[in-house]
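The values are calculated or read from the model by the stated rules, or taken from the named source; none is laboratory data. The structure displayed is predicted, hence computed values, not measured ones. Neighbour counts run over all protein chains shown; Cβ positions are idealised from the backbone, glycine included. Ligands, DNA and RNA are stripped out before the accessible areas are found, and what is left, the full protein with its side chains, is counted by its heavy atoms. Shrake-Rupley method; radii C 1.70, N 1.55, O 1.52, S 1.80 Å.
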Amino acid sequence: QLQACGGGLAQAGGSLRLSCTASGGTFRGYALAWFRQAPGKEREFVAADKRNPSRPYYADSVKGRFTISRDNAKNTAYLQMSSLKPEDTAVYYCAAGASVITSTMTEGSAYSYWGQGTLVTVSS
């Protein structure tokens with residue numbers, strides 16, 4: 001079970017760090033990802049960290065501003081968000097999958113486990 005937290009209100013240009021913790025399990029060996037869904041829009045891929053080797057992938061809209069990372073010892077994944085923009089406002093979801101391959105890592109259907117979502121609101 002995944003639990004995401006760290007969302008909140010930020011001003012444009014500000015920063016937030018989201019966390020995603022696995023309870024009763026481990027992230028080791030899993031690909032991790034963050035998705036988001038803005039009001040009235042479909043869920044979209046934000047970032048992923050593929051296992052073996054660990055390599056981050058980012059949506060073009062967040063590249064250079066967001067950083068995905070993980071701490072396997074703490075069973076926790078992070079999404080560091082900087083230079084936030086109002087268009088980053090969304091509910092952010094973390095996800096984990098054991099069989100994610102490069103060609104599918106931007107697809108939500110590739111991930112088996114999802115957190116409950118945490119709301120990020122960026123004011124202009």
Test: Ala73 is open to solvent by 80 Å² or more (accessible area, probe 1.4 Å) and not in a loop (DSSP other than H, G, I, E, B): yes
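Is one or more of the residues making up segment 10-33 charged (D, E, K, R), within 11 Å of the chain's Cα centre (by Cα) and under 21 Å from Ala110 (Cα atoms)? Working first, answer last.
Of all residues in segment 10-33, those charged (D, E, K, R) come to 17, 28.
If we keep only those that are within 11 Å of the chain's Cα centre (by Cα) as well, we get 17.
Of the ones still in play, those that are also under 21 Å from Ala110 (Cα atoms) are none.
No: segment 10-33 contains no residue that is charged (D, E, K, R), within 11 Å of the chain's Cα centre (by Cα) and under 21 Å from Ala110 (Cα atoms).
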From the options Leu79, Leu119, residue that is closer than 20 Å to Arg55 by Cβ and in a strand (DSSP E or B): Leu79
In segment 86-113, the residues that are in contact with a Gly (Cβ under 8 Å, 6 or more places away or on another chain) and either surrounded by fewer than 19 Cβ atoms within 10 Å (Cβ to Cβ) or assigned to a helix (DSSP H, G or I) (or both): Val91, Ala98, Ala110, Ser112, Tyr113
Failed item, numbered, when Ile68 is tested on (1) farther than 23 Å from Gln11 by Cα; (2) in contact with a Pro (Cβ under 9 Å, 6 or more places away or on another chain): (1)
Answer from Ala95, Ala73 - the residue that is more than 18 Å from Val122 (Cα to Cα), touching a residue at least 24 places away in the same chain (Cβ under 8 Å) and among the small types (Gly, Ala, Ser): Ala95
